[in-house]
Structure formats: structure tokens, C-alpha cells
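Chemist: The structure follows.
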Amino acid sequence: MMRAGPAGKRGARYRRKVPPGVRSPGPGSGPAGARQTIRRLKTELTAAQARIAELTACAERDFLLDIFNRRGFARELHRSIAFIKRYEATGALVVLDVDRLKPINDTFGHAAGDEVLKAVARVLGEQVRSSDVIGRLGGDEFGVLLWHLCETDARAKAAALEEAIDGMTFTFGGQTVHAGASAGMALLDKRVNPVRALEEADRAMYIRKAQRRHEIRA
């Protein structure tokens, strides 16, 4: 029977013991393995951030019209006013309410109403610049953020948006119908805040809607 030599005894004596429950370092646990793990985690983080951005964008878009919803539009309004205050720029907020949408929904169904809303969103997009912002504030109400306009030009643009929507015709069930829109405007400057701007434009819109009813009866 052979005895273990001095080297064998020394190797057995100084072999590191691993505590229970702790894994021995594997072949990928050195610097190269750590770099590989970091790269993998960075890739996963980038993918997660992209997914978060995608979900955030979806939460701020109107699924029917593919424009900002009220949440997304409010965020853009906050950003715009912050920019205006910092750089002393100018702008205007226009709120439009689509006229006669409820009778169209009641008579021809909500699919017809959806077609009207899509047409309104399309016309608004054609009437404003790419730097301007369009959103659906809810139901039949739209918001438009206009950049670098004085009060005279902003009022003229609000009237032009009304006219463009008034000129649209639709045929449902063999009947030709019109929608139309009433627009209210609020100037954006360094003294205004988002809540007040929306309230002012909304109030002006209802005044304009009442005026249009009177014009129609006259």
C-alpha cells in the first residue's frame, strides 16, 4: 500500500473548502464572465426602456385617430408653455367642438360618427404646420397648439379651421350631412398656465358655439 507523499498531504491540507450553500466559482466567473454579464444586462435594460417608451407613447395616443389624447396633449401644452416662458416665444391654443356629431351618431350609428372624427383630424392636420400639435381632448372636442402667432393671426387660423371643417360633407344611408365645428382661442404667453389656458379656450369655444347657433337661426 502506497503512502501519500509530502506534496499530496500539503495539497489536501490547503485545499479551499466551500461553505455549504455557496456555489463554487464557475469558468465564467472571472473578468471575462463579468463583462459578458454586464453586456447582457445592458441589452436587457435597453429593451426594457424601449418597451416603456412604447407603452408610454400608446398611453398618450388616441387609438381611433392616431393623434394625442387628452393626457398626451396636456403634456405637450405644459412643455409648450414652459418653452414660451423661458424663451419669451408666442403661441395660441385653439379648442374645437364638432357640431352635430350626436345627431349623426344617433341617426347613422357610431361608425358614422367615427368617420366624421377621422375626417376632422385629417383636415386639422392639413391645416396646421408640422411643428403644431393636434389632440383629441375627449368625445367630439379637439385641441390645437399653434406656434409663433400673434393674436390676429391666431384668430384668423381658428376661423380658418372652422371654415375647413364646415366645408366637409358626408353621405350616410343615402343622405348627405354636414358636421361643422366651433372654435375658441387662448393666447399663450409667459403669464399663462396650462389649466387657465384650457379653461379660457374652452370658455371662448362655448361662446362661439352659441354665436353660431344664433347665426344659423338668423
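Chemist: Which chymotrypsin sites (Phe, Trp or Tyr not before Pro) does segment 54-116 hold that lie in a coil by DSSP with at most 14 other beta carbons within 10 Å?
Modeler: Details: sites: PHE63, PHE68, PHE73, PHE83, TYR87, PHE108; in loops: PHE63.
Filter output for segment 54-116: PHE63.
Chemist: Assuming a ≥ b ≥ c are the square roots of the Cα gyration tensor eigenvalues, decide whether segment 134-218 counts as rounded (a/c under 1.5), prolate (otherwise, with a/b larger than b/c) or oblate. Kindly include the intermediate steps, with their values, before the conclusion.
Modeler: Numbers: a/c = 2.06, a/b = 1.89, b/c = 1.09.
The shape class here is prolate.
Chemist: On a full-extension model of 0.36 nm per residue, what is the gain between ARG75 and ALA156, subtracting their alpha-carbon distance, rounded to one decimal in nm?
Modeler: Numbers: separation 81, 0.36 × 81 = 29.16 nm, distance 2.56 nm.
Roughly 26.6 nm would be gained on extension.
Chemist: Let me ask something else about it. Suppose R0 equals 41 Å. What FRET efficiency, 1/(1 + (r/R0)^6) with r the Cβ-Cβ distance, do ARG196 and THR43 give to the nearest 0.05? Walk me through the numbers before you get to the answer.
Modeler: Values: r = 46 Å, r/R0 = 1.11.
Efficiency at R0 = 41 Å is approximately 0.35.
Chemist: Among 202-209, 36-43, what's the highest-first ranking by average C-beta atoms within 10 angstrom per residue?
Modeler: Details: 202-209: 16.9, 36-43: 10.4.
In decreasing order of mean packing, 202-209, 36-43 become 202-209, 36-43.
Chemist: With every protein chain kept in the model, how would you rank THR90, THR152 by accessible area, 1.4 Å probe, largest at the top?
Modeler: Details: THR90 65, THR152 105 Å².
Ranked from most to least accessible, the order is THR152, THR90.
Chemist: Run the dipole for segment 106-179 about the Cα centre, Lys and Arg Cβ at +1, Asp and Glu Cβ at -1, nothing else charged, and hand back the magnitude in debye, nearest 20. Display every interim value, and only then the final one.
Modeler: Working: 6 positive and 12 negative charges, 43 e Å.
Charge dipole, segment 106-179, about its Cα centre: 200 debye, nearest 20.
Chemist: In addition: For GLU126, GLU200, GLU115, GLU76, write out the residues from largest to smallest accessible area, computed with a 1.4 angstrom probe and no ligands counted.
Modeler: Details: GLU126 130, GLU200 70, GLU115 95, GLU76 25 Å².
Accessible-area ranking of GLU126, GLU200, GLU115, GLU76, largest first: GLU126, GLU115, GLU200, GLU76.
Chemist: Pull out the extension gain between PHE63 and THR171, defined as 0.36 nm times the separation in residues minus the alpha carbon to alpha carbon distance; nm, one decimal.
Modeler: Working: separation 108, 0.36 × 108 = 38.88 nm, distance 2.41 nm.
Contour length minus the Cα-Cα distance gives 36.5 nm.
Chemist: Still on this structure: Under a plain spin-label model, where a point goes 7 Å from the Cα along Cα-to-Cβ, how far apart in nm are HIS178 and VAL123?
Modeler: 1.0
Chemist: So what's the projected area for segment 39-150, the Cα convex hull averaged over all directions, in nm²?
Modeler: 9.5
The values are calculated or read from the model by the stated rules, or taken from the named source; none is laboratory data. What you are looking at is a predicted structure, and each value in this text was computed from that prediction instead of being measured. Glycine gets a Cβ as well: all are built from the backbone with ideal geometry, and neighbour counts include every protein chain shown. Calculation scope for accessible area: heavy atoms of the full protein, side chains included, ligands and nucleic acids excluded. Shrake-Rupley method; radii C 1.70, N 1.55, O 1.52, S 1.80 Å.
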